[in-house]
Every structure is written in structure tokens, then in C-alpha cells.
Amino acid sequence: MSGENQIRQDHKHKHKETRAVLNRLSKIEGHVRSIKTMVEQERPCSDVLMQISAVRAAIDKVGKIVLEDHLESCLIKTGDHPDENEVWAGVKEALDIYF
């Protein structure tokens with residue numbers, strides 16, 4: 001593992017939306033379990049696909065919340081006068097990871 005990745009993994013701070021993200025992930029987890037049950041019960045494929053689509057949308061929403069939190073708390077608040085190139089590199093990296 002490179003030193004840069006190690007620094008990134010060791011970087012810890014209080015996320016503004018932690019509780020909201022955890023709540024949403026718990027709901028998603030339950031939803032995925034219900035999809036598994038639907039498959040076990042041999043429910044119609046269209047019903048299963050609709051539920052999978054709902055889970056994908058919910059995960060995308062969680063990703064958006066985490067990305068916004070990252071932009072706000074990790075990049076924008078890096079200091080009084082952050083290096084603009086460093087901030088933009090962080091934004092690009094976050095977008096590359098998410099998309």
C-alpha cells in the first residue's frame with residue numbers, strides 16, 4: 001500500500017451526516033434481505049427487478065450524501081488558505097471513486 005493511501009485511510013474526522021448515512025444503510029440492508037426472500041419465494045422477475053432498482057437508487061442517494069460530506073468536511077475545510085491544486089485533486093479523486 002502506498003504512503004498516500006495509508007495517509008488517506010488514517011484520516012479520521014467527524015462526518016456531519018454519519019447518523020443519516022447509517023440509518024439509510026440499515027434500511028437498504030433490510031431491503032436487500034427482502035429481495036432475497038422474494039427470490040426464494042419465486043416472485044415475478046419484474047417485481048424483483050423493481051426492488052433492485054429501488055435499492056440502487058437508495059445506494060446512489062447515500063453515495064451522494066457521503067460525497068457532499070467529503071467535499072464539505074474533507075476538502076473545503078482543509079485550512080484557511082488551502083492549496084487550490086490539492087483541493088481540486090481531492091475533488092477529482094472523490095468523483096473518480098464515486099462514478
Quiz item: Only one of 87, 55, 62 is modelled with pLDDT under 85, β-branched (Val, Ile, Thr) and part of a helix (DSSP H, G or I); which?
Solution: 87
Quiz item: Would the range 33-48 turn up any residue that is closer than 30 Å to residue 90 by Cβ, modelled with pLDDT of 95 or more and either out of contact with any helix residue (DSSP H, G or I) (no Cβ under 9 Å at 6 or more places or on another chain) or among the small types (Gly, Ala, Ser) (or both)?
Solution: no
Quiz prompt | Pairs where the first residue, in the range 4-25, is part of a helix (DSSP H, G or I) and the second is at pLDDT 50 or above, C-beta under 6 Å, 6+ apart | solution = 21/62; 21/65; 24/62
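Could you tell me which of the residues 71, 75 is at pLDDT below 95 and touching a Pro at 6+ places or on another chain (Cβ under 9 Å)?
The unique qualifying residue is 75.
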Quiz item: Out of curiosity, is residue 54 farther than 18 Å from residue 98 by Cα and in contact (Cβ under 8 Å) with a residue 24 or more places away in the chain?
Solution: no
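The values are calculated or read from the model by the stated rules, or taken from the named source; none is laboratory data. Keep in mind that what you see is a predicted model, and the values were worked out from it rather than measured. Reconstructed Cβ throughout: ideal geometry from the backbone, glycine too, with neighbour counts over all protein chains shown.
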